[in-house]
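A quick write-up on the structure given underneath.
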Protein chains: 2
Amino acid sequence: MSSAAAPAARRPGGRTARIRTQVLDAVSAVLTESGYDALSIDAVAARAGVHRATVYRRWHDVGGLLADVVDAAGGQPWQPRDTGSLRADLAALNDEIQDSLSVESSIALALIAVSFRSEEAAGALRRLWEDRYEQSEIIVERAVRRGELAPGVDARALLVAATAPVYHRLVLLRTPPDPDLPDRAAHTAALAAAAGAFG
Amino acid sequence: MSSAAAPAARRPGGRTARIRTQVLDAVSAVLTESGYDALSIDAVAARAGVHRATVYRRWHDVGGLLADVVDAAGGQPWQPRDTGSLRADLAALNDEIQDSLSVESSIALALIAVSFRSEEAAGALRRLWEDRYEQSEIIVERAVRRGELAPGVDARALLVAATAPVYHRLVLLRTPPDPDLPDRAAHTAALAAAAGAFG
């Protein structure tokens, strides 16, 4: 999700962490400026101002670099907004997803694209999505506590139903972002949940 | 959708059509057996038993070949099943989508993957999806005629809501197919529609 766009630069630590930050930021820069086909150990090392052998020794190949970019994003603190209602919480989540996928040269979109070519990147993206959906389940827990939803609702199924149309439109159908879609998809999922779809 | 998997071989016509059939079937064969990175004018010409210059003259590059595979699939006759109920019609559509995406070396999945690398293939895939969703709108029209849905429902939004979770799980989350998902996603969309989500 959107935090895949967060620069690794926020990570603390010593020289090793600093080199990781430089290298992962260079991966993002090369990806978004020149695209996947321009991504290579050499291009990243040059961009990061780090010796090629250092990058090669630690990340081995492009797949290893991309997987670490995603893992670094997963390490960033993230939590969904708390707006006070299920529909608005889901709409805020969808807004964040739509923004991250529709910005100029989206790193989130680039990572999805490369996940089709690197098993290592695909695995890392799968872990990131798993984390984000798990972190988003609190949206459903809050709705249950407010009495908006009956206990025992399948939080994951509800979250996937609410977010999938946004990904579908921007990543697969590749149609321009629709400013109304985040709330419309949220509203649809909330109505279905109220009708017992995920019970 | 699933018909992206249909071989071009059903197309009628003379020598030109026969060569197109041989070449497009060769593209599908190379893609599913060896993957996108193995796809080249030379590999396709060799596989099709057609002269390299012939392939080059007509399709120019890999993007042109892939776009024509998708356009050929779009030219195949296709219509959604008529089961007698909205939920079952949508579930049948989702079953077809899930099958096409989860078969061993799915051509549908391969085309989605390459659409991230070829603007020409992306455009063709966009046209195919537009056709398939338009052809699927009859599912909603039938439900309105049966009185299952109120007139004026946004058929496209309903169809995207019903199908997006299946694509999301198999194409983006890359999790194994869930035999219950096609009907569950159909049921969710039907409940939301009955609650006025797409009115």
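The values are calculated or read from the model by the stated rules, or taken from the named source; none is laboratory data. These numbers come from a predicted model, not from an experiment. No Cβ is skipped: glycine too gets one built from the backbone with ideal geometry, and neighbour counts run over all protein chains shown. Areas reflect the complete protein model, heavy atoms only, side chains present, ligands, DNA and RNA absent. Shrake-Rupley method; radii C 1.70, N 1.55, O 1.52, S 1.80 Å.
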Exercise for review: Report, in whole Å, the centroid distance computed from the Cα atoms of the stretch B:13-64 and the stretch A:47-67.
Suggested key: 36
Exercise for review: Provide the buried accessible surface between chains A and B in square angstrom, both chains summed, 1.4 Å probe, rounded to the nearest 100.
Suggested key: 2800
Review point. Any idea of the accessible area per residue across the protein assembly as shown, 1.4 Å probe, to the nearest Å²?
Key: 43
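Is it possible to state the helix-based mean residue ellipticity at 222 nm for chain A, with each DSSP H run of 4+ residues giving -39500 (n - 2.57), the sum divided by total residues, to the nearest 500 deg cm²/dmol? What is it? It would help to have the intermediate numbers written out before the result.
Working: 9 runs with 130 residues, N = 199.
-21000 deg cm²/dmol, from helical runs alone.
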Point to revise | Dipole magnitude of the protein assembly as shown, debye to nearest 20 (Cβ charges: Lys/Arg +1, Asp/Glu -1, about Cα centre) | key: 660
Exercise for review: Calculate how large, on average over all directions, the projected area of the Cα convex hull of the protein assembly as shown is; give the answer in nm² to one decimal.
Suggested key: 21.0
Check your understanding: Looking at A:P80, B:W129, A:V140, which one has the Cα that reaches farthest to the positive end of the dipole of the protein assembly as shown (charges on Cβ: Lys, Arg +1; Asp, Glu -1)?
Key -> B:W129
**Study point:** Hz values of 3J(HN,Hα) by residue in the stretch A:31-36 - Karplus curve (6.51, -1.76, 1.60), Gly and Pro given as x
**Key:** 4, 6, 8, 10, x, 4
Check your understanding: For the stretch A:78-133, what number results from the quotient of the Cα radius of gyration and 2.2 N^0.38 Å?
Key -> 1.30
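Tell me the carbon and sulfur percent of the accessible area for the stretch A:96-199, rounded to whole percent, probe radius 1.4 Å. If you can, show how the numbers build up before the last one.
Details: 2100 of 4040 Å².
Carbon with sulfur: 52 percent of the solvent-accessible area.
To the nearest 20 debye, what is the magnitude of the charge dipole of the stretch A:86-194 about its Cα centre, counting +1 on the Cβ of each Lys and Arg and -1 on the Cβ of each Asp and Glu? Show your work: numbers first, answer last.
On the way: 12 positive and 17 negative charges, 42 e Å.
Computed charge dipole of the stretch A:86-194: roughly 200 debye.
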